[in-house]
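The values are calculated or read from the model by the stated rules, or taken from the named source; none is laboratory data. These numbers come from a predicted model, not from an experiment. With ideal geometry, Cβ positions are generated from the backbone for all residues, glycine too; neighbour counts draw on all protein chains shown. Keep in mind that these areas ignore ligands, DNA and RNA; they rest on the heavy atoms of the full protein, side chains included. Shrake-Rupley method; radii C 1.70, N 1.55, O 1.52, S 1.80 Å.
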Amino acid sequence: MATDSKCTISDLLTQCEDYQLLHLTIFYRERLKPAIEARVEGLSWTLRQEGQFSEQEHEEVKKLAEWGNRTESSKLFLSLVMEKGTQARRMMWESFVEVRKDLPKLERILKEIQEFGPDPYEHMNVSRGFCELSSQLKDVQEKHKGALMAQTETLRVKTILMREKVKVFQLVNRYAELTVISTVRDRKLVEHELLARGRDHERWREKHLRGELEKVRTDQLFQSSYSQSKTKSGSSAAVAGVPGIGKTTMVQKIVYDWATGKIYQQFQFVFSFKFRDLNFINCRINLRELILYQYPYFGDILREVWKNPEGLLFIFDGLDEFKQRIDFSDSPRDTEPKHQYPDPEWWCEVSDIVYSLIQGKLLPGCSVLVTTRPTALRLLEKAQISDWAELLGFVGEERKEYFIRHFEDQTVAAAVFKYVKENEILYTMSYNPSYCWILALALGPFFTQRVRDPQRVPKAITQLYSYYIYDILKNHGREIENPMMCYSGLVRWPSEECSRRRLCLQMEI
């Protein structure tokens, strides 16, 4: 419930009950950690003067900050406050009001609380998709989760070795967390960042993350506290990222985590599609057939699923690869009767289905997640997008984490990462998971015990890519010569395309 705009944040916090301050602290805790980093020593000193922190506790917070580990310092500060109890929490929030003008992220949090009131769970609306499922829906939900889990639990990674063209890993063992920010940056800011190299590049990124840019977890994408449009019904989110930054792998992890019950429990069903696959549908279709083609076990139960659209999440990956035209400012769509109130049985182009879901015309109340390269963001300018986010790739220790997860031999992992970190150009490249993959494949053999020869390690980008391409040609030359196969995996097998064409031929309207 929105609060009186005349009520100051100080008045609001003073009026808060103790349990409300507890809920606020728990709800905003992850966002508060980076929000207070720059002033954590002063906040700790305030609580020390008020008798909430001991001298030793304050010194521990202060030392971590002085040693440059501000993230751990703010974590410790919030942990101590939670341990101390009600009075410490109240004093902490009061001190936040005093320093908010110097901390943009903290100011944003306080403005949200002032706008929406002291009950964050009410405006976050996490339970909007919950309703009692019938036994039949529960059965198909379990089947759906099992199918999605089987599809997403492993990660297939191509190698440049002939004897082992593809390695299969458990996703949870291989997936390295990426940094996501709750905005899409201005192109000039990205250009300035890329002009910096090596450690300068890393310092540039961390500087802006400490400033205005706010990190979010993937499970927070549909929390309304990050949205521009605060609604009780569904919302559409767009995640942008440069090629190779990990958008598709992020979608795979989201689907897997939902299927295993870790995130997005407000959604009863998640349906995921790749625009690359949708390109093969060159006939009119409806949402029901689109889902049944990919998830045939739903059958006639879909009519029950539609009854609670608030519990549905649709994911469309790779808008930049979609060949059909979607114009979200296309006014004729709103004037034609067939476009005004479409339903899941409505026969149309695939682009119309995507358009209607994002704009809230089809199954109003459902949520939609779209991923795209920045080059296609202009297509979404007129779309009803409430959450905007950008994948930054790896920041800080996330780079090291990738190499640790890539190599089974941790000695090799440490050696490769050390080499990358000492080469400013390679280190700059390693913010991108695809570049990390190339670096790991190309550099790894030079640091194995069997052929360890650090003197021959490629030192220039040209040398590294020459070695990488040479191995691909040497080990996969025959496959590349065959036009029916594609090493990159970007071309579909003809048999799969034919099956899609057969589907369209069966649908005579």
Expected vector for segment 266-277, Karplus 3J(HN,Hα) from phi with 6.51, -1.76, 1.60 and θ = phi - 60°, integer Hz, x for Gly and Pro, equals 6, 9, 7, 9, 10, 10, 10, 9, 9, 4, 4, 6
Note: residue 293 to residue 115 extended length (0.36 nm per residue) minus current alpha-carbon separation gives 59.7 nm
Note, residue 46: beta-carbon cut-off 12 Å, +1 each Lys/Arg, -1 each Asp/Glu, net -2
Within the under-13-Å Cβ sphere about residue 176, not counting residue 176, Lys/Arg +1 and Asp/Glu -1 give a net charge of +1
Amide H proximity to residue 281 below 5 Å, modelled H, separation 5+ or other chain, gives none
With all protein chains present and a 1.4 Å probe, the order of 101, 111 from largest accessible area down is 101, 111
With label points set 7 Å from each Cα along the Cα-to-Cβ direction at residue 409 and residue 99, the distance between them in nm comes to 4.8 nm
Share of Cα-Cα pairs in segment 276-325 beyond 16 Å, whole percent, is 51 percent
Bounding extents of segment 372-455 in its principal axis frame from Cα atoms, largest first in Å, are 57, 20, 18
Dimensionless Rg/Rh of segment 271-395, both radii on Cα and Rh by Kirkwood, sits at 0.95
With Rh as the Kirkwood radius over Cα pairs, segment 1-104 has Rg/Rh of 0.97
For 406, 144, 23, the accessible-area ranking with a 1.4 Å probe, largest leading, is 23, 406, 144
With all protein chains in place and a 1.4 Å probe, residue 18 shows an accessible area in Å² (nearest 10) of 70 Å²
Of 95, 466, ordered by accessible area with the largest first and a 1.4 Å probe, the sequence is 466, 95
Checked segment 70-115 with the C-alpha gyration tensor, a ≥ b ≥ c its square-rooted eigenvalues, rounded below a/c of 1.5, otherwise prolate if a/b is larger than b/c and oblate if not; verdict oblate
Residues whose modelled amide H sits under 5 Å from the amide H of residue 369, counting only those 5 or more places away in sequence or on another chain, are 237, 314, 315, 316
Taking the convex hull of the alpha-carbon atoms of segment 236-311 and averaging its shadow over every direction gives an area in square nanometres of 6.4 nm²
Working note, segment 366-411: Cα radius of gyration (Å, one decimal) and Dmax (Å, whole number) are 16.8, 51
Heavy-atom accessible area of residue 39, protein chains in place, probe 1.4 angstrom, given in Å² to nearest 10, is 90 Å²
One finds, for residue 347 and residue 153 with R0 = 25 angstrom and r their Cβ-Cβ distance, a FRET efficiency to the nearest 0.05 of 0.10
